[in-house]
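A quick write-up on the structure given underneath.
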Amino acid sequence: MSISLQFPLEVGPQGFLQFSDDQTSDAIDQNLKFMMLTVPGTFFEYPDFGVNIQQYLFEFGNPNTEEAAKANILSQARRFLPYLTILSTDIRFEEMAMGITIEYRIDQTAEVQFFELTTTSLT
């Protein structure tokens, strides 16, 4: 059973291509990336979905910004990605860029994985 379609969308003999069961961490990484980059209000059925991580890009150096971003990520993952547990979140602000590393556990298998995302003012 797949937890996500593969993007970009491609149609195969049995419909849209999906991640297979042995690609669970790839599917979760894709879902985390969508969650991080989506602006709330984008999806009609789920208007609260999305972290909009880029909103924090130009607020670097403020400890409140980092904590707000981490809280937003954790809240979104708990609500929309209930099959994983966030273990830690690291946010690094660099010149015109922000790097994010999330350590998570896949609840079904107890496997621990890392997700990394770098966003810039040009992304």
Query raised in the report: Is segment 70-82 home to any residue that is among the aliphatic types (A, V, I, L, M), modelled with pLDDT under 95 and touching an Asp or Glu at 6+ places or on another chain (Cβ under 9 Å)?
Result: no
Query raised in the report: Across segment 47-97, which residue is nearest to the chain's Cα centre (by Cα) among those that are exposed (fewer than 11 other Cβ atoms within 10 Å of the Cβ) and not in a strand (DSSP E or B)?
Result: PRO82
Requested in this report: May I ask you to list the residues in segment 79-99 that are touching a Ser or Thr at 6+ places or on another chain (Cβ under 7 Å) and not acidic (Asp, Glu)?
Outcome: MET96, ALA97, MET98, GLY99
**Report entry** Verdict on THR118 being surrounded by 14 or more Cβ atoms within 10 Å (Cβ to Cβ), assigned to a strand (DSSP E or B) and under 17 Å from the mean Cα position of the chain (by Cα)
**Finding:** no
Query raised in the report: Only one of LEU32, LEU81 is in contact with a Leu (Cβ under 9 Å, 6 or more places away or on another chain), closer than 21 Å to THR120 by Cα and in contact (Cβ under 8 Å) with a residue 40 or more places away in the chain; which?
Result: LEU32
Query raised in the report: Consider GLU45 against the criteria (1) over 17 Å from THR101 (Cβ atoms); (2) at pLDDT 85 or above; (3) touching a Phe, Trp or Tyr at 6+ places or on another chain (Cβ under 9 Å); (4) of a type in the set (Asp, Glu): it satisfies all of them except one. Which criterion is unmet?
Result: (3)
Query raised in the report: So is GLU103 outside any loop (DSSP other than H, G, I, E, B), modelled with pLDDT of 85 or more and of a type in the set (D, E, K, R) or not?
Result: yes
Query raised in the report: Out of all the residues in segment 18-30, is one or more modelled with pLDDT of 90 or more and within 16 Å of ILE102 (Cα to Cα)?
Result: no
Query raised in the report: Among (1) farther than 16 Å from TYR104 by Cβ; (2) out of contact with any strand residue (DSSP E or B) (no Cβ under 6 Å at 6 or more places or on another chain), which single condition is ARG92 missing?
Result: (2)
Report summary line: Among (1) of a type in the set (Ser, Thr, Tyr); (2) surrounded by 17 or more Cβ atoms within 10 Å (Cβ to Cβ); (3) modelled with pLDDT under 80, SER4 falls short only on (2)
Report task. Could you give me the residue pairs with C-beta distances under 8 Å whose first residue belongs to segment 40-62 and is farther than 18 Å from ALA77 by Cβ, whose second residue is hydroxyl-bearing (Ser, Thr, Tyr) wherever it lies, and which are 6+ apart or on separate chains? Result -> LEU57/THR119; LEU57/THR120; LEU57/SER121; PHE58/SER121; GLU59/THR65
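The values are calculated or read from the model by the stated rules, or taken from the named source; none is laboratory data. Everything quoted here is computed from the prediction, not taken from an experiment. Counting neighbours? That spans all protein chains shown, and the Cβs are built from the backbone with ideal geometry, glycine included.
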